Amino acid sequence: MALSKSIVAGSLALLMVGAPGYTQQEAQQAIPDAPRPQTNIRIDNVAPGQGSTSSTSNSDSDSDETPATPSPAAPSTTVAATPNAPQPQPGAADEQPLENLTTFVARVNYVIIPFTVKDNKGNLIAGLKARDVQIFENNQQQKIRFFSVDPAPMSVALVIDQSMTQENMDRVNSALGALQGAFTNYDEISVFTYNKAPKLITDYTGAQSPRLTQAIDRAKSSGREAYLAGSFSGPMSCTTCVNGLNVDPNTSANRGHSTMTTTVPKEVHPLNDAILEAAKSLARKPPERRRVIYVISNGNEYGSQAKTSQVIKYLLTNNIEVDGSLIANAPTWGLGFLDKIHLPMQMRDNVLIAYQRATGGQLDSEFRLANIEKSFQRVANEARTRYTLGYYSPEDFVDGKERRVEVRVLHPNLTVIAKDRYWPEAMEMRTRPLTQPQRTPPQPQR
């Protein structure tokens, strides 16, 4: 049987060799070789349920001559070893936070100064060009790199004083209905109130949203009751008095006093604390938006933990301006001159003037209801349509020192309203948040 198979195979070989156009070399190549055993099979790229990659699969081609190409769906994690090269640690990229991989911190010395120009009658001056304005820092003129008159969207922190008397609060409550119409759809507003302490009514929301309307309604208050005549001295200060003494101190309105004269309680008007809380919320807003604190108050300040100078430094560091509408006795004669006089151990009658002058804001003093409603519109429009210039500071921007600035207009009889100093911008020193939503890094398969 074996002999007959050999004869048949030999006959077939002779026929193929004798065929025209068929050489002996092709006859030898027609017989396939047996697969050679592979001794360098790797199993480190084998994933459960996916099998092996092309570099580890058994194929007829020689693995030493043809390099394996990684698949795009499952990239190879092997790294070619080089001399003195640090080897990557497994899982190091997964443990690193996403924000550290996609953000960077850049320190700049670009300064933005908003300002307003008025004439002797208080009218706004429009149409100024960059050639009409000069900017000085520490008495040295700087080159203006940016100049604009375009209105900017605003982030406004509304601060309402609830420590005023009932008469003043009634006028404020009636005028608050016109406040929302002073802003546009591009503005966002938060509402703060203060009486004994600052209180957040609502966080930043659209200026024309129903949420702001409800927050303004909740911010209305009855005010503080005024003390009546004779409440702290005389026969009206006690219920049962004999020879100037309280016979029954328990029935007296002033507990713990046996005489007819009592100590007048100190009023608390934490305006500094309220402005500081509003400034902290504005400091998180992007620097592209105009940051404004709008205060509706009579300007009284007493009992705050924060000092006025400390709050002003925080405002100038974060490029925040203070505007406001003064209520009550603020429109009386001598506004601005008499407010500079401060008697020791007495509360300041109007501290808002110091904030307005330091930050370059605008204050409007009104007493009547109709004028208060109009003041909302005037102050908001001036805050939105200010001139804006920018320049590069020659000073080191990370030294934290105070810089004096002065804006001059090359036209006579014009008044410039702008801040007179600043500190390096704090927000430019921080890590900016991601502009795209964060994604959780993929977890390795097990």
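Here are some notes:
- Spatially proximal lysines relative to K143 (Cα-Cα < 23 Å; intrachain offsets below 8 disregarded): K129, K401, K419
- By accessible area with a 1.4 Å probe, ligands and nucleic acids excluded, highest first: order of V416, V172, V409: V416, V409, V172
- Computed from the Cβ-Cβ distance with R0 of 35 Å, the FRET efficiency linking R218 to A126 stands at 0.40.
- Ranked order, Y186, Y302, Y204 - accessible area, probe 1.4 Å, largest first: Y186, Y302, Y204
- Unit Cα scatterers, Debye sum, region 136-202: log10 I(q)/I(0) for q = 0.26 Å⁻¹: -1.23
The values are calculated or read from the model by the stated rules, or taken from the named source; none is laboratory data. All values derive from a computational prediction rather than experimental measurement. Counting neighbours? That spans all protein chains shown, and the Cβs are built from the backbone with ideal geometry, glycine included. We work out accessible area using only protein heavy atoms, side chains counted, and drop any ligands, DNA or RNA first. Shrake-Rupley method; radii C 1.70, N 1.55, O 1.52, S 1.80 Å.
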